[in-house]
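Please treat every number below as a calculation from the coordinates, not as lab data. Because the structure is predicted, anything quoted here is derived from the model rather than measured. Counting neighbours? That spans all protein chains shown, and the Cβs are built from the backbone with ideal geometry, glycine included.
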Amino acid sequence: MIAAVFASLAFSHSASAHVLITDTSETKGAILHIAPDDSPIAGQQATLFLNTQNALLTKKSNVSLTITNTTTRASDTVKVTSADDMAIADYTFPTQGVYALVFRFAAEGIDYEFSHTQRISRGVMAGTVTTERHQWAEMLLVGSVVGAGALVIIVVNRRKEIARQSTF
């Protein structure tokens, strides 16, 4: 019983279903949720929900979302809708990679900026994967196969001698 509990704790994966992020002044917080399953799939539409606290988001708030691929520096401005204390945006991440998400709230002369880094590890890959050829490894593999084949041939041809020498 104790071993089962230990194993479940030792080999469990961390879950980040909802991510708490703070603004740049670290005075306001919001919870980010990305559907599906907080693990978006590149090439498929994801919905981003930013739930604010303390009525930070009002009807007069102007909310914008900028998503930037940290590798290519390609940036998209995404349309954001507001509902109660929540900012909602739909976005299709083009390829796998790491993206910087920046939500900006502007209302009544006060600006807040919430940023988060999101890794996209499923779906469409960026470019093709190239692998380096190791000619020495290929030659070593061929040599090993030829050597193993030669050893099998020797054993088969001399099996009677080997059997005679192996008796006590």
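Restricting attention to region 35-77, the residues being farther than 17 Å from ILE120 by Cα, surrounded by 15 or more Cβ atoms within 10 Å (Cβ to Cβ) and under 24 Å from the mean Cα position of the chain (by Cα) number 3. Taking region 30-50 as the range and being part of a strand (DSSP E or B) and under 18 Å from VAL80 (Cα atoms) as the test, the residues that pass are ALA30, ILE31, LEU32, HIS33, ILE34, ALA35, GLN45, ALA46, THR47, LEU48, PHE49, LEU50. A residue that is loosely packed, with under 12 Cβ neighbours inside 10 Å, within 22 Å of THR22 (Cα to Cα) and of a type in the set (S, T, N, Q) occurs somewhere in region 80-100.
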